[in-house]
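Asks: Can you keep this structure in mind? I'll have questions shortly.
The values are calculated or read from the model by the stated rules, or taken from the named source; none is laboratory data. Keep in mind that this is a model prediction, so the values were computed, not measured. Positions of Cβ are generated from backbone atoms using ideal geometry, with glycine treated the same way; all protein chains shown enter the neighbour counts. Each accessible area value is taken on the protein alone, full model and side chains, heavy atoms only, with ligands, DNA and RNA left out. Shrake-Rupley method; radii C 1.70, N 1.55, O 1.52, S 1.80 Å.
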Amino acid sequence: MREVADLYQRVSGHAIKDSLAFLRRVFFEPPWRDESLPSLAYADSSGRIVGCLGIMPRPMKFHGEAIQAAVGHHFIVENSKRGTVAGVELARRFLRGPQDLALAEGNDFSRRIWEFLGGSVCPLYSFGWTRALRPAQYALTFLKHRGLPVAAAATLKPACQAVDATFDLLPRHAFRLQAPSALADDLDGVTMLACLSAFASDRALQPVYDSSSLCWLLQTLNEKSHRGTLYRVVVRTHSGRPLGWYLYYLGSSGIAEVLQVGGREDTIRETLRHLFYHAWQRGAVAATGPIDPRLCNALTEEHCTFHRPDNSSMLVYSHDQNVLNAIHAGDAFLSRLEREWWIEP
């Protein structure tokens, strides 16, 4: 594990002090671990590890039948070895595994290898959405991400705050948020399991969880404090009927990073409004998350914009064309919790 952590530090430039324990946790401790799907490492002729590919087994159902999915993560190849066979051999070994479905999120490097080996990019699940909550401050955050000097950002911040305050006074403005009528409760593993069963069971492809695996996942997410505070909310009517649920991180960037949001077609807009107001109350300038094709209409009606995240694609591979067709048609429940995003340190 230490060699993999050292490789991660060499390639990413991130310190391993806080990453080592997390890497050990996601490589060796997931409740879904399967001895037939081990993570992979590639060593050069001297025995030095120059590449690795984490593999996280994930049980799923396809039209009610159990299948084994595997999520690739931490696909790392030392920069000096990227022109060698290391990356291809790691990906080839992964895709030749016993899983029914392989998933990954890739940059241009991994996407080229994936497609060379017969995998495909799924455009539908490669897009993201963003809802500006404080549009002027969000624009400032965007400019800072694009290289705006810190001093210039500090000078502009009061003006942006004033603009956003003005927006809040306009009764019919698209960015104005109103307090929702629905109630909120803390989302624990048992409640989340019930929500997934009630609201995501109509997809052709869906993840399979139980109470213990959800508790492990929620505990692991809570420990990722560098992403910010994790908010877990189930939205209910005053009579207690669940309408939907959501999870998001809110950190110093002011962007609410949504991991999962769900609900029925007739309740999802109320759930989204609750999410946006909840994040706005806590100082978020915007909320963002991955596309769920079933939510596109609701997201559009709630003034979200759609975009392709920088240099990232959803990669899929299966010997079963029916599974691939379902994913490419958007008939799969694949949030950030069923993908690679949350696994990153």
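Asks: Scan region 24-60 residue by residue and report those that are closer than 18 Å to Arg339 by Cβ and touching a residue at least 60 places away in the same chain (Cβ under 8 Å).
Replies: Arg25, Val26, Pro30, Pro31, Trp32, Leu37, Gly54, Met56, Arg58, Pro59, Met60 - these are the residues of region 24-60 that are closer than 18 Å to Arg339 by Cβ and touching a residue at least 60 places away in the same chain (Cβ under 8 Å).
Asks: State which residue is surrounded by the fewest Cβ atoms within 10 Å (Cβ to Cβ) when the search covers only region 297-311 and only residues that are assigned to a helix (DSSP H, G or I) and touching a residue at least 12 places away in the same chain (Cβ under 8 Å).
Replies: Ranking the qualifying residues of region 297-311, first place goes to Glu301.
Asks: What is the number of the single condition among (1) crowded, with 19+ Cβ neighbours inside 10 Å; (2) among the hydrophobic types (A, V, I, L, M, F, W, C); (3) not in a strand (DSSP E or B) that Val233 does not meet?
Replies: All conditions pass for Val233, except number (3).
Asks: Right, something else. For the structure I just gave you, tell me whether His319 is open to solvent by 10 Å² or more (accessible area, probe 1.4 Å), more than 15 Å from Trp129 (Cα to Cα) and either touching a strand residue (DSSP E or B) at 6+ places or on another chain (Cβ under 7 Å) or not polar (S, T, N, Q) (or both).
Replies: yes
Asks: I would also like to ask the following. Only one residue in Ser212, Ser253 is over 14 Å from Asp292 (Cβ atoms), outside any helix (DSSP H, G or I) and open to solvent by 30 Å² or more (accessible area, probe 1.4 Å), so which one is that?
Replies: Ser253
Asks: Go through Ala136, Ala69 for me and flag whichever is surrounded by 15 or more Cβ atoms within 10 Å (Cβ to Cβ), farther than 25 Å from Ile343 by Cα and at pLDDT 85 or above.
Replies: Ala136
Asks: Next question. I need a count of the residues in region 78-94 that are at pLDDT 90 or above and open to solvent by 70 Å² or more (accessible area, probe 1.4 Å).
Replies: 2
Asks: Take Ser126 and tell me if it is under 19 Å from Arg339 (Cα atoms), small (Gly, Ala, Ser) and open to solvent by 20 Å² or more (accessible area, probe 1.4 Å).
Replies: No: the conditions fail for Ser126.
Asks: Mind checking which residues of region 317-345 are at pLDDT 95 or above and either of a type in the set (Val, Ile, Thr) or under 21 Å from Arg92 (Cβ atoms) (or both)?
Replies: Hits for region 317-345 are Tyr317, Ser318, His319, Asp320, Gln321, Val323, Leu324, Ile327.
Asks: Answer yes or no as to whether Arg131 is surrounded by fewer than 21 Cβ atoms within 10 Å (Cβ to Cβ) and either over 23 Å from Pro207 (Cβ atoms) or modelled with pLDDT of 95 or more (or both).
Replies: no
Asks: Check whether at least one residue in region 260-274 is closer than 25 Å to Asn107 by Cβ, modelled with pLDDT of 95 or more and assigned to a strand (DSSP E or B), and report yes or no.
Replies: Scanning region 260-274, I find at least one residue that is closer than 25 Å to Asn107 by Cβ, modelled with pLDDT of 95 or more and assigned to a strand (DSSP E or B), so the answer is yes.
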